[in-house]
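Trainee: Below is the structure I would like to discuss, written out as structure tokens.
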Amino acid sequence: MFAAGERPLALVTGATGGIGRALVGRLAEAGMDLLLSARSGPALAALADTLPPGRARHHACDLARDVGLLADAALALPRLDLIVHAAGVHDSGPWEATDDGTLRTLLAVNVEAPTLLTRLLLPRLRAAQGMVVFLNSTRGLDVAEHVGPYAASKHALRALADTLRLEIQGSGIRVLSVYPGSTATPMQQAIQAAKGHAYDPDAFIRPDDIAAMVMAALALPRTAEVSDITIRPLGRPPDPSPAAGPATA
Ligand SMILES: NC(=O)c1ccc[n+]([C@@H]2O[C@H](COP(=O)([O-])OP(=O)(O)OC[C@H]3O[C@@H](n4cnc5c(N)ncnc54)[C@H](OP(=O)(O)O)[C@@H]3O)[C@@H](O)[C@H]2O)c1
């Protein structure tokens, strides 16, 4: 999967979130060492405790402010093979109600942080013939009402990932953007609560489904690169029970 030598190492931002956590589990299972990051130190320590001893380090940081410190922590390690940018923030509301604080935070966490972190760590990825994974969103491919700033941040991230892939072609580094639809995580739970909807995790993609797709891309031989993965909830078939009434054609 990566250059030979010691155990490969992955930096995962948003490691304690729904999608980040699923990826951490899969990467650890695949034998990678981990540098885990999020704002909450206690949540990171609790996550590290679930992994085999000695396999995970963690660095708490607010990506809206301290990206450089996280890059320094990663540069202090002997190698870096993979960056997974799973940290992200969401906001919804009408365009006319968008305040600059919200817009600034969305752009800082969803766009500036993954861009700057990748730039600072690119020499390590070059050395390892590594890979960078950007957790984007189907909102990076289309738009809907009331998600303007979030969709704008994800469109920007898509443009940056696609440009990076073009510019480093031939370096041996693979760049993957993942575009999930609604996924059963704390972020989705908050989105449903804000809409006043009940939260049913079974109605959404499981975070581990996304992690499985990323692992499949990682496992490809070095002759190929998966550049984009779009993954959407399948939706449920109609309830066939008599109580559900006759099926309509
Ligand atoms: N869930 C969905 O339906 C969905 C759909 C499409 C795309 N996505 C994208 O997938 C990615 C992961 O989403 P998720 O659903 O797993 O979210 P989540 O469960 O809310 O997790 C977010 C993670 O990011 C960290 N984080 C948030 N703000 C941060 C900041 N300022 N600095 C550093 N870390 C920060 C959180 O930890 P702390 O709070 O401790 O910092 C947490 O680990 C995001 O980019 C999201 O936009 C999600």
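The values are calculated or read from the model by the stated rules, or taken from the named source; none is laboratory data. Bear in mind that the values here come from a model prediction, so they are computed numbers and not experimental data. Note: ideal-geometry Cβ built from the backbone for every residue, glycine included; neighbour counts use all protein chains shown. Areas reflect the complete protein model, heavy atoms only, side chains present, ligands, DNA and RNA absent. Shrake-Rupley method; radii C 1.70, N 1.55, O 1.52, S 1.80 Å.
Trainee: Being away from the ligand (no atom under 14 Å from the Cβ) and at pLDDT 95 or above is true for just one of His146, His155. Which residue is that?
Mentor: It is His146.
Trainee: If you take the residues in the stretch 40-96 that are among the hydrophobic types (A, V, I, L, M, F, W, C) and open to solvent by 60 Å² or more (accessible area, probe 1.4 Å), which one is nearest to Pro123 (Cα to Cα)? Even if it seems obvious, please write down each step before you answer.
Mentor: Step one: of the stretch 40-96, the residues among the hydrophobic types (A, V, I, L, M, F, W, C) are 43-48, 51, 56, 60-61, 63-64, 67, 69-71, 73-77, 80, 82-84, 86-87, 89, 95.
Those left that are additionally open to solvent by 60 Å² or more (accessible area, probe 1.4 Å): 69, 75-76, 95.
Working: Leu69: 17, Leu75: 10, Ala76: 13, Trp95: 39 Å.
Among those that are among the hydrophobic types (A, V, I, L, M, F, W, C) and open to solvent by 60 Å² or more (accessible area, probe 1.4 Å), it is Leu75.
Trainee: Would a scan of the stretch 34-46 turn up a residue that is at pLDDT 95 or above, closer than 21 Å to Leu107 by Cα and of a type outside the set (Ser, Thr, Tyr)?
Mentor: yes
Trainee: Considering only residues of the stretch 175-202 that are among the hydrophobic types (A, V, I, L, M, F, W, C) and within 11 Å of the ligand (Cβ to nearest atom), which is nearest to the chain's Cα centre (by Cα)?
Mentor: Val178
Trainee: Any residue in the stretch 122-143 that's at negative phi: show its pairings with residues that are modelled with pLDDT of 95 or more and open to solvent by 70 Å² or more (accessible area, probe 1.4 Å) at Cβ separation under 6 Å, as long as the two are six or more apart or on different chains.
Mentor: Final answer for the pair search is Asn136/Arg158; Gly140/Arg158.
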